1. With the full set of protein chains in place, find how many percent of the accessible area of the chain is carbon and sulfur; take the probe as 1.4 Å.
2. When the helix-only estimate is applied to the chain (DSSP H runs of n ≥ 4, each -39,500 (n - 2.57), divided by the residue count), what is the mean residue ellipticity at 222 nm, nearest 500 deg cm²/dmol?
3. Work out, in µm²/s and without decimals, the Stokes-Einstein translational diffusion coefficient of the chain at 25 °C, 0.890 mPa s, Rh from Kirkwood over C-alpha pairs.
4. Could you give the dipole magnitude of the chain about its Cα centre, charging the beta-carbon of Lys and Arg +1 and that of Asp and Glu -1, in debye to the nearest 20?
5. Report the one residue of Ala37, Ala48, Thr4 whose Cα lies farthest in the direction of the positive end of the charge dipole of segment 2-58 (charges on C-beta: Lys and Arg +1, Asp and Glu -1; origin at the Cα centre).
6. With axes computed from alpha carbons, what is the tilt in degrees of helix 45-54 against the longest principal axis of the chain, rounded to the nearest 10 within 0 to 90?
7. What does the accessible area per residue of the chain come to in Å², with a 1.4 Å probe and no ligands, DNA or RNA counted?
Amino acid sequence: MAKTFACKDIGMSCGFKTKAKTDDELMEKIKAHAAEAHNMKQVDAATAAKIKAAIKSSMF
Ligand SMILES: [Zn+2]
């Protein structure tokens, strides 16, 4: 089971997609991307909640 996330699922238009084995690992990748691509040095609680809600579990 993999966890996947796409920026477009939270209304971002950058086309970024990522996946990881766990939510925590995925969150780290998303934070790194957010800092780099969206100049979001800190992911606030509201955004983190949005991201968590948008994380999908995938068989692939
Ligand atoms: Zn993005």
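The values are calculated or read from the model by the stated rules, or taken from the named source; none is laboratory data. Keep in mind the model is a prediction, meaning the values are calculated, not measured. All Cβ positions, even for glycine, are placed from backbone atoms using ideal geometry, and neighbour counts span all protein chains on display. All accessible areas refer to the heavy atoms of the entire protein, side chains included, with ligands and DNA or RNA removed. Shrake-Rupley method; radii C 1.70, N 1.55, O 1.52, S 1.80 Å.
1. Looking at the chain in its full context, I get 55 percent from C and S.
2. Here the helix-only value at 222 nm equals -13000 deg cm²/dmol.
3. 215
4. 180
5. Going by the charge dipole, the pick is Thr4.
6. Its long axis makes an angle of about 30 degrees.
7. 70
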